[in-house]
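The values are calculated or read from the model by the stated rules, or taken from the named source; none is laboratory data. Small disclaimer: the values here were computed from a predicted structure and weren't measured. So basically every Cβ, Gly included, is an ideal-geometry build from the backbone, and we count neighbours across all protein chains shown.
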Amino acid sequence: MGKFALVTGGSGLLGRAIVRQLCSDGYGVAFVYNKRFEEAKALSEELGVAMLRGDLTDAKQVTRVAGQALDLFGSLDVLVNGVGLLQVIPFQQITAADWDAMLSARLKTMFLMTHTIVENMISRKKGYIINLGACASSGVSSDSVHHAAAGAAVSGFTQALADELGPHGIHVASIAEGGTEQAVVSQISDLLHKPKSG
């Protein structure tokens, strides 16, 4: 029986590396993109994987995209929440619109996609949810304030979700930004190959 993964933010540089690694690891993969059509098309053609378009800050589009992935595979073993927004702005120049855009891109998309997909994993008592963009463990950051705040929120979201979903056989983990693409990809691969405890 096959293993299936969905990667959001899959047309970005890091997202493409993650999609390639999951394919190499034997997963059937679909990825979500929004604006990078040419990059998405090239990746889809290179690997023979499905590309799904959607604005994941919109709940209706998340429902549609998740439904397409589940129609394609029947179930999902791995969800990688990889949507991000890079914006380096001094605190006094951050507007309310900047703040909302950062939290929407990095946190709202994560909540909506996980919320939509998780019932499929709970029903099968297995799955992995991997959230990108958590704070570095050192707690030291030279990021813009809104970017750092979103990273802290990702860490908290991940820990609370891991506590809640662990009894259902679902593993939830976060990976901090700041490393090389290969380092992040390797961490994801290691998580998926790590022997399950309990």
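For this structure, a couple of remarks:
- Sole exception among (1) out of contact with any helix residue (DSSP H, G or I) (no Cβ under 6 Å at 6 or more places or on another chain); (2) in contact (Cβ under 8 Å) with a residue 40 or more places away in the chain for Ser44, by number: (2)
- Of the criteria (1) in contact with a strand residue (DSSP E or B) (Cβ under 6 Å, 6 or more places away or on another chain); (2) in a helix (DSSP H, G or I); (3) modelled with pLDDT under 90; (4) among the aliphatic types (A, V, I, L, M), which one Val185 fails: (1)
- Segment 1-41: number of residues that are in contact with a helix residue (DSSP H, G or I) (Cβ under 8 Å, 6 or more places away or on another chain), of a type in the set (D, E, K, R) and under 21 Å from Lys126 (Cβ atoms): 1
- Taken over segment 49-61, residues that are part of a helix (DSSP H, G or I) and in contact (Cβ under 8 Å) with a residue 40 or more places away in the chain amount to 1.
- Within segment 154-179, the set of residues being β-branched (Val, Ile, Thr) and at pLDDT below 95 comprises Val154, Ile175.
- Output for segment 69-114, where each listed residue is touching a Gly at 6+ places or on another chain (Cβ under 6 Å) and either free of Cβ contacts under 8 Å to residues at least 12 places away in the same chain or of a type in the set (Gly, Ala, Ser) (or both): Gly82, Gly84
- Counting only residues that are more than 17 Å from Ser189 (Cα to Cα) and either of a type outside the set (S, T, N, Q) or at pLDDT below 70 (or both), segment 127-145 holds 11 of them.
- Scanning segment 80-134 for residues that are outside any helix (DSSP H, G or I) and not aliphatic (A, V, I, L, M) turns up Asn81, Gly82, Gly84, Gln87, Pro90, Thr95, Lys125, Lys126, Gly127, Tyr128, Asn131, Gly133.
- Residue check, Asp100 surrounded by fewer than 17 Cβ atoms within 10 Å (Cβ to Cβ) and acidic (Asp, Glu): yes
- When segment 1-48 is filtered for residues that are closer than 19 Å to Ala183 by Cα and either part of a loop (DSSP other than H, G, I, E, B) or aromatic (Phe, Trp, Tyr) (or both), the ones remaining, listed by number, are Gly9, Gly10, Ser11, Gly12, Asp25.
- Positions within segment 1-54 being closer than 21 Å to Leu112 by Cα and of a type in the set (S, T, N, Q), in sequence order: Thr8, Ser11, Asn34
- Meets criteria (among the hydroxyl-bearing types (Ser, Thr, Tyr) and loosely packed, with under 15 Cβ neighbours inside 10 Å) for Thr95: yes
- Options Ala66, Ala59; residue that is at pLDDT 95 or above, surrounded by 18 or more Cβ atoms within 10 Å (Cβ to Cβ) and on the phi < 0 side of the Ramachandran plot: Ala66
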